[in-house]
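First the structure, in the form of structure tokens, and then the observations on it.
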Amino acid sequence: MNALRRLGVEPCLTDNAERLRKADRIIFPGQGEASGAMHYLREHGLDRVICSLTQPVLGICIGQQLLCRHSEEGDVDCLGIFEADVRRFRPQQHEDKVPCMGWNALYDTKSPLMESIEGQYVYFVHSFYVPLCAETIATANYIHPYSAALQKGNFYATQFHPEKSGSVGETIIKNFLDL
């Protein structure tokens, strides 16, 4: 909300299906746990609403994960926009701490959402990740390469938090608003 306000946009926080359908853009924010979040979406019919949206949609963190097919977090079927399953990070050596927290660089960036972002650092905090797939538009590396951002049609998603990523995140949010 604050990141959008800094850009001169007055956001509307809602879970009202009709308001979502009428919005110019949707940001599907990220905090929480996959199975509980999916339960809430289904209970309120928002799973069907989100899948039917035609305006630009940006999922952030768990918002990205919930747009995928399935999540190991709570062993739950998700919205299925992206043809990928969410996996839990499994440490390979002592230095591999989970959750992954901190700044990491983006590479192999594609899509108007990632314009001017190659090699830039963004802020991550997550224990689950989306493997690289056909819909990957940015890659990060922690334990192994994974999808830092995804796109399919009007659906965009970031595993990282653009709203916590300083000027780089602001650029990504501006890019989303300009789609």
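In this simple spin-label model, placing a label point 7 Å from the Cα along the Cα-to-Cβ direction at both E170 and C133 gives a separation of 3.3 nm.
Relative to the 2.2 N^0.38 Å rule of thumb, the chain has a C-alpha radius of gyration ratio of 0.97.
Of the cross-linked pairs K22/K164; K97/K174; K110/K152; K22/K174, those separated by over 23 Å at the C-alpha level are K22/K164; K97/K174.
Under 5 Å between amide hydrogens, built in the peptide plane, is the criterion, and for A148 it picks out A138, T139, A140 among residues at least 5 positions away or on other chains. Extending 7 Å from Cα along the Cβ direction at L7 and again at D85 yields two label points whose distance is 3.4 nm. Dipole check for the stretch 21-90: with +1 at the C-beta of Lys and Arg, -1 at the C-beta of Asp and Glu, and the Cα centre as origin, the magnitude is about 240 Debye. A simple spin-label model places pseudo-atoms 7 Å from Cα toward Cβ; at L177 and E118 they are separated by 2.6 nm.
Within the chain, antiparallel bridges make up roughly 70 percent of the DSSP beta bridges whose residues both belong there. In plain terms, the bigger the Kirkwood radius, the slower the diffusion; for the stretch 1-87, with that radius from Cα pairs, at 25 °C and 0.890 mPa s, Stokes-Einstein puts D at 183 µm²/s. In plain terms, the C-alpha convex hull of the stretch 93-161 casts an average shadow of 4.5 nm² when viewed from every direction. If only the Cβ of Lys and Arg carry +1 and only the Cβ of Asp and Glu carry -1, the dipole of the chain around its Cα centre is close to 280 debye.
Since every read-out is calculated from the coordinates, none of them should be taken as a lab result. What you see is a predicted model, and the numbers here were worked out from it, not measured in a lab. Every residue, glycine as well, gets a Cβ built from its backbone with ideal geometry; the counts of neighbours run over all protein chains shown.
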